[in-house]
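Just below is one structure, and these are the notes that go with it.
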Amino acid sequence: MRYSIYNAIHKAQRQRLFELSIKIGRANFNDPAQAAEVKDDLKKMIAHLRKHSHTEETFIHPLFAKIDHTEHKLETEHHALEKLLNNLEENAPGNDGDKLYTEFNRLLAAYLQHIDAEEIAQSEILWKHFSDEELMEVSKRFQQSLSPQEVMENMKFMLPCLSAPEITNFLSNMKNKMPSPAFQLLCEIAEKAFSAAEWQDIKKAIEMTTN
Ligand SMILES: [Fe+2]
């Protein structure tokens, strides 16, 4: 199986977008506390998506640019998504929950298509022209560009959305590459997403692969 530069973050984005769609749909916008919470979540999601597009343009699109014009197509899609994000920002200050729900799901639908196109471009272009080591190097350069606080924010966003085998693989890779307290922090973030029995199995699997 090839290394996917997109897999973990796109999986987390799908889950977080679905969760927020449900939350907006169920919120009582007549309750100021609920309305404020939804708007705060929405603001954070918009900021995350903008930052993510910028990251892709900085670290991943130069790879496409070496081969063909795919980076132009993906950047055009980023501009179209930016328009939807601007629409959402304009609608968020009001208390029209139905309008916000419609606009948010319009963004969600467009975003799902966009990340699918990126993943297809990865398998059809990046995997043909770059080795796993070269793609991992790009991920590493991105990680190194982040502050420790940004790394933790990313982990909190991403780790609870991964499957048990993905978490086992991820934490096994990280265990000997970082100080023990930082590794413990990652374990605490991941643990919350699993039952006690599942977490015991994950811990055992990590110990078996790293000892
Ligand atoms: Fe993108």
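The values are calculated or read from the model by the stated rules, or taken from the named source; none is laboratory data. For clarity, every value in this text was computed on a predicted model and none was experimentally measured. Ideal geometry is used to build each Cβ from the backbone, glycine not excepted, and the neighbour counts take in all protein chains shown. Keep in mind that these areas ignore ligands, DNA and RNA; they rest on the heavy atoms of the full protein, side chains included. Shrake-Rupley method; radii C 1.70, N 1.55, O 1.52, S 1.80 Å.
A few remarks follow.
- Some residue of region 54-73 being over 16 Å from residue 111 (Cα atoms), away from the ligand (no atom under 16 Å from the Cβ) and either surrounded by 15 or more Cβ atoms within 10 Å (Cβ to Cβ) or in contact (Cβ under 8 Å) with a residue 60 or more places away in the chain (or both): yes
- Within region 39-53, being more than 9 Å from the ligand (Cβ to nearest atom) and open to solvent by less than 20 Å² (accessible area, probe 1.4 Å) holds for 42, 45, 46.
- Scanning region 1-53 for residues that are among the aromatic types (Phe, Trp, Tyr) and touching a helix residue (DSSP H, G or I) at 6+ places or on another chain (Cβ under 6 Å) yields 3, 6, 29.
- Subset tally (residues that are closer than 17 Å to residue 208 by Cβ, part of a helix (DSSP H, G or I) and open to solvent by 40 Å² or more (accessible area, probe 1.4 Å)) for region 139-194: 7
- Here residue 99 passes the criteria (1) modelled with pLDDT under 95; (2) within 16 Å of the ligand (Cβ to nearest atom) except the one numbered (2).
- Residue 197 vs. criteria surrounded by 12 or more Cβ atoms within 10 Å (Cβ to Cβ), part of a helix (DSSP H, G or I) and over 17 Å from the mean Cα position of the chain (by Cα): no
- In region 118-133, the qualifying residues are those that are touching a residue at least 24 places away in the same chain (Cβ under 8 Å) and open to solvent by 20 Å² or more (accessible area, probe 1.4 Å), and the one that is farthest from the chain's Cα centre (by Cα) is 129.
- Checklist (1) within 24 Å of residue 81 (Cα to Cα); (2) away from the ligand (no atom under 16 Å from the Cβ); (3) without any contact (Cβ under 8 Å) to a residue 60 or more places away in the chain applied to residue 104, failing item: (3)
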